[in-house]
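Structure first, then comments.
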Amino acid sequence: MKKALVLTLAGAMIFSTPVMAKEVGAPEAVYLEDSSYIGITAETVRAIDANKTIQEHTNNAVTDHWDMDSDSVQALAIGRGAVLDGEEAPGLTFELMKPELKRVYAAKTLAQDKGTLLAVANVHTHASYETAKITFYAPGVKAGDAITVYQRVTDDDWTAVPTEVTDDHVAVEITANGHLAFIKAAVTATVVEAPKAAQTEEKAQQADTKTVAVAEKKDADTITVAVDEKEETVTITMDKKEADKKADAATDEKAADEKADAETDVKAADKKADAAN
């Protein structure tokens, strides 16, 4: 009886103690909440061994990992089923594990000139394959999101793999077990400017354009003439009465000239008639 009681107390101590990560230099510890124990000791121990919460372990998921804010990590999970070398494998499940800290560092470096790092996944299966298509459950992802998945070859060499994004899912085709970086491309705005040559020509055309506007009010004392030349406005104001006098004088002078010409023509006709007689 004592032996059984000692084992029970030892088990209670295991489940109430925070579990430290195995990797040296990890920035935080992984804790199992009081509700983590589901009554199956073996499963709880496996969760501890994988540095996962019991929820992550039982759902083959990763919702948080090293060196990233937990609120910014895209939750991922993998269900049963895959396509190996073009053939369906409905009973096969890829294990989704926590990424190694140094792989997260490398993935963050990779994302610096590509966009935002959403998550790093570490996938593994015991089955052999040359290509494997697996589908991640990724809640919140939308069809059309510009997400590309990169497969690690070395820490300095990541290769983009075929990626298909649908609502709440990301399907990828990989060539080996290992780490995958999920990166969402940054959104950029494009500003289209008119060619400088076209702008210069347009300005030249505007400079060559001259607009003349005459404003005259009935019974006004002045006449205003506005000239728009090379984006400058010149206003000329004339005394209307003086202008009218000049116009009348010009008319009288023209009439006098016409009268003189008529008299000259009559005299010439009279002389011609006298000569004929």
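The values are calculated or read from the model by the stated rules, or taken from the named source; none is laboratory data. Bear in mind that the values here come from a model prediction, so they are computed numbers and not experimental data. Accessible surface areas use protein heavy atoms only, side chains included; no ligands, DNA or RNA. Shrake-Rupley method; radii C 1.70, N 1.55, O 1.52, S 1.80 Å.
Some observations on this one:
- Taking each of LYS52/LYS114; LYS108/LYS184; LYS102/LYS142 in turn, the alpha-carbon distance tops 24 angstrom for LYS52/LYS114; LYS102/LYS142.
- Percent accessible area from carbon and sulfur atoms, the range 88-169, protein chains only, probe 1.4 Å: 48 percent
- Area accessible to solvent at GLU173, 1.4 Å probe radius, in Å²: 80 Å²
- Solvent exposure, largest accessible area first (probe 1.4 Å, DNA, RNA and ligands not counted), of ARG152, ARG80: ARG80, ARG152
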